[in-house]
Each structure stands twice: as C-alpha cells, then as structure tokens.
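> This is the structure I want to talk about, given as structure tokens.
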Amino acid sequence: MSKHAKKAKDTKSVELKVVSSTKDIVRPALLQTVLGLGLEQIYEIVEEERAALCGPKHARDPGRAAVRSGTAPSQLVLGGRRISLRRPRVRTMDGQEVDLETWEHFSDEDPLDERAMEQMTIGVATRKYDRSLERSGDEVNTRGTSKSAVSRRFVKGTKKRLDELLNRDLSSLDLVALMIDGLLVGDHVALLAIGVDEGGHKHVLGVQEGATENAAACTDLLTNLRKRGMRTDRSLLVVIDGSKALRKAVDDVFGKRAAIQRCQEHKIRNVTDHLPKDMKVHVRRSMQDAYRCRKPTRAKKLLGNLQRTLLADHPGAAASLAEGLDETLTVLEFGLSSMLERTLGTTNMIENVNGTVRQVTRNVKRWKNGDMVLRWVATALHEARKGFRRVRGYKGLTRLAAALRHRDEEIDDAVEQAAVIA
C-alpha cells in the first residue's frame, strides 16, 4: 500500500472514530432535550387549564371559583415508563381538591399498558423491557420498567384481550364458513374457531382450552358462539378435523344446517401415518389428485380405487381412508373455483395462525395453567388479525352463499313434508 493510500485510510479511520464518539455524546443529549421539551409542553398545557379555572397568575379576581395550591408528588406516563415529578394543584375556595383533566389524561396508565403489551408481543423479555426503551437521562426519576411491573401489565392487558375475544358480539357477521381446529401450545391445546364471511374476510370468533377430542370443550366452544349471536339456524360450511367429539358437537349445535367438510390435509396425514415411508409420497399425491379433480363422483371413485389397493397389505390405511370419506368431498359439491375449493377443503387457515402463536410465545419457558395459555393465544390472535387478508378465491363465495340458501330451502321443504305426513 502506498504512503498516500495508507495516510488516507488512517485519516478516514480517525474521522469514523470522531463521528462515532460525537454520536455517543449527542444522542443522549438530544434525547434528554426532547424529553425536557415534552415535559415543558405538558406543563404549559396543564397551566392553561389552571388559568381557565383560577384566572391569570398573580392577577386579582374576586369572582374566581378556584385558586392555585402549589404542587404535589405525582407521576406521568412517557416513553413507556412512569416519570416522577411534581403535579400542579388547584383547590376550590372552600378547600376542595380539583382534578385537572389534562393531568389525568397524561397520567393515564393505558398507554403504558399498551407499550408493555406491544414490546412483549414482538418478543421483548420482561427483564429486557427497560433496555428496549429510549434512555430518559439520569436527571429523570423513572419507575414501572421492572420485570415484575411489566409482567403485571402484560397479565392485565392479555386478560383484557381475552375478555374482548370471548365476549364479542357475532350477530352482525354474515358467515358462510366456519373452521375449527386445535392449536398446540406447550402441553395444552387451544380450540380455535375462525369464520369467513361472504366478502372473504376472516374473523376470529372464539377460543377454548381443550382438544378436539374433548366433547365437553367442543360443545362449550360452539355453544358460546351461538350465545354471542352466531347464526345456527341456517346452513353453514363447517370445516373440521376427523374428531368424532367435534363432529358430534357440531351436530348438536347446528343439526342438519351444518354442511360438514372434513379437513383433507388431516385425512391425508391420517392415512399416510399407517404406511411405510416408501409409500407415503405416492399415496399423498394420489389423494391430492382426487381432491383436486373438481368432481365429487370422480373423486370418490379415485379414492375408492386407492382404498381397495391398500386393503390387502395395509388394512389400517384403507380403513382410515374409507372412514368419513364422503365428508372430505363436501366442498366439491358447490361448484366453486379450484382455488376456493383448496382454501375451504382444509383447516390450513388456522394452521397458518400457528406461526404467529409460535412467534409471540417464543420467550415463554413454562406454561403455568390453561388460563395463561388462553391469554397468550388471545394476544397472538390479536396480532395475527393485523395480517389477515381475504381468503384466496373470495369472489366465488357469493356462489357458496347461494348454494347454502338453496340447501336451506331443501331442508325447510323436507321438514314441511314430514310435518304434513305426520
């Protein structure tokens, strides 16, 4: 390297060190300045309210209704933490304390709770919460950033999210499809229900602790949805896994109005789990081809042929394939687009939410109980909803809605005929 090049390199290195050192000095000073200006602005706003109540400072006003009364220790929420400072006070002429609305607004803890919720949701651990915030300076006395304080706020916030989810009114939703599946969280399973309206929008309807094999949990979930206004007196495409308990719960709540679609992906897994490794790929592809052939009679024929070829050497796989076979083809009966058939033929919509749940809960090392699971899942679902898009092929849902109405007419006619005969 030439002397000139080495000198230029050394000069550039020195410049970078100077810039870095300057940033280390300027940034904290700038943050402190911004914080100081923010507090000054808050005091100015509060002082305007005091002036409106007490009149101009040091001015004589015999008709005033209140007077300034010094300051008292207090706290404000700023930058994700509580800051200790002096609160301006106002008293009536007979000595009663007057609450200043502007101060109450700035001291509200809701923004602090929301900040803690947001930080925890994106993966900040409680013990690192303080480090995730901008530095406030040594001159400012702050509170509310300890591990225990953040944890308490998170529990409070997640309870609120869970209550909102479990008590949401569903009567205004015009649903055409309902999907129910279980999410594995630690050693617990959370039953999740997602609805799809005629416009293709997805709605998180409810969550219940318990597996799809748990009849009581399945019934409780569906009963709660009905109680909150979900229509069960008209036909709905209900997509479920192969659980008999869930199937029975759907029958108990919806009766004949449920058009049951067994998840095709669950069925493929159940069948291939009975097969040796060298046969799994072939059988999976054969079943997928049958489900995508667009015609229920042809699909049933293809699956029947596959079942007969498996019967001799792999009777377990053959029995699994035959069990509930017709209900895996329900979606093909409505004449929908191939994209919409694939969307509504499985519970993958719920499986996709699993990724968000795993992301949000990745820092949890120990699940204490089912209530904790539900709170975290409700928080993850709140986060997942931000990324919800319309279902693929949603324009074809108007056809599904029309087919479901026609199905209702046939059911009503059958009921009337049965009543006449009786």
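The values are calculated or read from the model by the stated rules, or taken from the named source; none is laboratory data. Here the structure is a predicted model, which means the values were calculated and not measured. Every residue, glycine as well, gets a Cβ built from its backbone with ideal geometry; the counts of neighbours run over all protein chains shown.
> Would you confirm, using the coordinates I've provided, whether R284 is out of contact with any Gly (no Cβ under 7 Å at 6 or more places or on another chain) and more than 30 Å from R226 (Cα to Cα)?
yes
> Further, regarding this structure: Would you say D181 is touching a residue at least 60 places away in the same chain (Cβ under 8 Å) and not hydroxyl-bearing (S, T, Y)?
Yes.
> Here is a further query. Can you name every residue in the stretch 171-199 that is touching a Gly at 6+ places or on another chain (Cβ under 8 Å), in a loop (DSSP other than H, G, I, E, B) and among the small types (G, A, S)?
Result: S171, S172.
> Further question on the same structure: Quick one: which residue in A259, A318, A249, A299 is in a strand (DSSP E or B) and surrounded by 19 or more Cβ atoms within 10 Å (Cβ to Cβ)?
Matching residue, one of A259, A318, A249, A299: A259.
> A follow-up question, please. Give the stretch 200-228 a look and list any residue that's farther than 28 Å from L336 by Cα, part of a helix (DSSP H, G or I) and of a type in the set (A, V, I, L, M, F, W, C), or say none.
Scanning the stretch 200-228 gives A215, A216, A217, C218, L221.
> List the number of the failed condition for K267; all other conditions in (1) exposed (fewer than 13 other Cβ atoms within 10 Å of the Cβ); (2) within 31 Å of the chain's Cα centre (by Cα); (3) more than 21 Å from A401 (Cα to Cα) hold.
(1)
> Of the residues in the stretch 336-363, how many are farther than 14 Å from V239 by Cβ and either in contact with a Cys (Cβ under 8 Å, 6 or more places away or on another chain) or exposed (fewer than 14 other Cβ atoms within 10 Å of the Cβ) (or both)?
Qualifying residue count for the region: 5.
> Can L381 be described as closer than 30 Å to G157 by Cβ and crowded, with 22+ Cβ neighbours inside 10 Å?
Yes, satisfied.
> Please tell me if V373 is assigned by TED's automatic domain parsing to the domain that holds A190 and in contact with a helix residue (DSSP H, G or I) (Cβ under 9 Å, 6 or more places away or on another chain).
Judged against the criteria, V373 is not a match.
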